[in-house]
Amino acid sequence: MASTDRTARPTTAYRSLPSLRAGTRRAMRPSGPPTDEIPIWTTPDGVDSVTAQAVIDLAMRAGVAMIATGAAAADVTATVLTLTKAYGLSSVHVDVTYTSVTVSYHRGPNADPITVMRIVRFRVQDYTRLERLRSLIVDLSQDPVSVDEARVRFDAVITAPHPYRRWLVTVAGGALAAGAAGLVGAGPFIILLSFLTATVVGRVLAWLTGAGVAAFFAQCVGAAIPTAVATLLVVAQSAGLTFVGDVSPSLVVASGIVLLLAGLSVVGAAEDALGGYYVTAGARGFEVIVLSLGIAVGISIVLSLGKRLHYPIAITSQTLLSDNLVVQVVCAVIISVAFAVLSYSSGTAVVVAGFAGGFGWVVLALAERTLELGAVTASATAALVIGFAARLVARWLTISALAVTTAAIVPLLPGRMAYEGISQLVTNPDGNGFAVGIPILVQAFGLGLGLAAGVSLGTYFAGLLVAKRQGVRPRPAAGATLPTDPDPMATGSTAPVLSETSDLPVVPDDAQRAEQP
């Protein structure tokens, strides 16, 4: 009988499967959590409810005052967290929008949280008050006094008088418009007329604001006044009146537009967007669009009436950069200094803004003439250089970088370009006015975005450099995701954080890291 027994052949196929499976698991299985550690409240910080309420009220007042005077959302957040941390409150969350500030203090699972929200009822560019607030916050963070004394010091800063008298601020608005007119090659008569017209616009806007008129309609009236003056100038020319020098009525409108555009928060919107505060950035940006439409509506109404009466305003053929660069730089300095005074900047900030404005105009001229860059690219480059240099100099002189950068880019605003596009749409609606005017307005809008992005990027890069020199990490954007730290022990690091806008050091705790995911 044949034997069916066979010698077993050794095989490693099945024996290798467990080791292969284990190796695959080791290769695929994560060594840690897939994302950063989620902050969890651990223990109470020992602050009683009465003290906590007083500290949060003080921090809320400071945050609302800063956003009302022109500070960016990241700056406001850093201020509130710095104050609450200085007084021992660790589990604090901050939410900043363009119209409100909310602070929530989590006291643990067995205690009611404290959440307060305040509405920002008004907004004004007041950089002297902003600098004083920042100085007060730094002092309180380094040497915390009692909450009652801190509130007294805060009220003293808020109620302090402006550094300049009202007549000087009005004259500064006129000087800004006169410098804008000289910047585009206007003669002495147009420069004087622009100065007088802008002073009237400033007083009318102040009266309308005090009367509670909406900002859109105030912009309409403010834009209609220089356009009406230019139309009257055309009527006088048609009647045979002669003036001294070359008279271009459209330059009166262009200078008035620069005055109105200077008050828009374009830089603040760009800074909020780069900082990750997209809701606030969207609100600021939409406000800029609405107020710009107000300017367009005011100019369009007067231009339409002038056309019906057969008194159209011709657009001047003069360009921004003429052959006399020295005059252009001087006018840029005048514009920057005037706006710094108009926004209540400190004396040091006014001087620095003048130098920055002149330097930025030189960079613009070199970019367009030597490098042959386009208008948008050259303006963005000049704004980037201004933002970078202004941040470093402002930190060295302990002044507001926002005041310097905002004033320094005012000479670069596309006032004449915006007027030219609007004029093409109004005076020639049946011909090629639409085909010509829309591209010009789009270019003016792109130039404004380039200025805002350039100055914000320059400030951001300067902040990174300052943080590197100090050995601290910059505060991440509110909507950003921190990279995974290769060192598992570094998740509990308390390295100081530096705000990109205010240079206020913030030591993040668990709750603050929740605001910086």
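Run the dipole for the stretch 64-190 about the Cα centre, Lys and Arg Cβ at +1, Asp and Glu Cβ at -1, nothing else charged, and hand back the magnitude in debye, nearest 20. Could the numbers behind the result be given before it?
On the way: 12 positive and 10 negative charges, 70 e Å.
Once rounded to the nearest 20, the dipole reads 340 debye.
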Response to the item:
SASA check, residue 460, accessible area w/ 1.4 Å probe, all protein chains in place, rounded to nearest 10 Å², comes out at 80
Discussion item. Just to be sure I understand the model, the point goes 7 Å from the Cα along the line to the Cβ. What's the resulting residue 396 to residue 104 distance in nm?
Written reply: 4.4
Discussion item. Along the Cα→Cβ direction, 7 angstrom out, place labels at residue 139 and residue 232. What is the inter-label distance in nm?
Written reply: 4.9
Worksheet item: If each of residue 293 and residue 239 carries a label point 7 Å out from its Cα toward its Cβ, how far apart are those two points in nm?
Response: 3.8
Discussion item. Just to compare against my own numbers: the Cα pair-distance distribution for the stretch 361-430, 5 Å bins, whole % per bin, please.
Written reply: 3, 16, 19, 16, 15, 12, 9, 5, 3, 1, 1, 0
Worksheet item: Among 310, 162, what's the order by accessible area (1.4 angstrom probe), most exposed first?
Response: 310, 162
Worksheet item: Taking the Cα centre of the stretch 105-194 as the origin and placing charges on Cβ (Lys, Arg +1; Asp, Glu -1), which of 194, 114, 144 is farthest toward the positive end of the dipole?
Response: 194
Item to complete: Be a star and scan the stretch 165-189 for residues whose amide nitrogen sits under 14 Å from the point 7 Å along the Cα-to-Cβ vector of residue 206.
Response: 165-175
Worksheet item: Extension gain residue 151-residue 121, at 0.36 nm per residue separation less the Cα-Cα distance, in nm?
Response: 8.8 nm
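The values are calculated or read from the model by the stated rules, or taken from the named source; none is laboratory data. Just so it is clear, the model here is predicted, and its values are computed rather than measured. Please note: Cβ atoms are built from the backbone with ideal geometry, for glycine as well, and neighbour counts cover all protein chains shown. Surface accessibility is based on the protein's heavy atoms, side chains included, excluding ligands, DNA and RNA. Shrake-Rupley method; radii C 1.70, N 1.55, O 1.52, S 1.80 Å.
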